[in-house]
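S.K.: Can you read through this structure? Questions will come right after.
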Amino acid sequence: EGIDFVGGETLRWCDPDWHLRQANRRESPTMPEALHPRVLVVDDEPHVRELLRDLLHSWGYGTETAASSAEALRRFERGGFHLVLTDFLMPGPNGLAVAEGVRASDPAVGVIMLTGSPDDLEGESERLRFTLMRKPLHPDALRAAVRQALETLTGAPAGAGAPTAPPSRTPPRP
């Protein structure tokens, strides 16, 4: 069971109705947007990008999206991100280019790489210090990985219902 996206990689969620339930929930912000950790979501598939953005937003994270590695690195250079969640396989430079750019610019920012590829990325994961998650994904596993990446960044546990923004070593640029 899950959601299949045609035209590229397949992303399957174990709970096919989860996204619909989240979309129908009423938004009730519990804290100002400035206090939310900011996540940059990078995926060339619009449906996957939107799904990940909505999922992260429902968990209390501020999000921005990019459709390519080049766009992601331009957005990242503006600063203020605490975590980058990127797909591996994309047209042009892949997710490794995103991870390399993030590490060159701000080594403290967390990176999570999503892939359905059979490629052996464990060596790259160690070299570039990113969390590798294989598809199909389960929302609880993704949520745990996001929390872990932010805890690693701040050294403090990320609260379940009230995330706090860790300090970004890359200040936002106008």
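The values are calculated or read from the model by the stated rules, or taken from the named source; none is laboratory data. Treat the numbers as computed from the prediction; the structure is a model and nothing was measured. With ligands, DNA and RNA removed, areas are computed over all heavy atoms of the protein, side chains included. Shrake-Rupley method; radii C 1.70, N 1.55, O 1.52, S 1.80 Å.
S.K.: Could you give the distance between the Cα centres of the stretch 40-60 and the stretch 78-127, to the whole Å?
M.R.: What the calculation gives is 16 Å, centre to centre.
S.K.: Next up: Which of the three applies to the stretch 112-154, rounded, prolate or oblate, going by the alpha-carbon gyration tensor with a ≥ b ≥ c and a/c under 1.5 meaning rounded?
M.R.: Values: a/c = 3.99, a/b = 1.18, b/c = 3.39.
Oblate is the answer for the stretch 112-154, as a/c is 1.5 or above yet b/c matches or exceeds a/b.
S.K.: Of all accessible surface on the stretch 44-117 at a 1.4 Å probe, what whole percent is carbon and sulfur? All intermediate terms of the calculation are to be shown ahead of the outcome.
M.R.: Working: 1270 of 2370 Å².
C and S fraction of accessible area: 53 percent.
S.K.: Right, next: If every alpha-carbon in the stretch 67-138 counts as one equal scatterer, what log10 I(q)/I(0) does Debye give at q = 0.21, 0.25, 0.27, 0.28 1/Å?
M.R.: At q = 0.21, 0.25, 0.27, 0.28 Å⁻¹ the computed log10 ratios are -0.86, -1.20, -1.36, -1.43.
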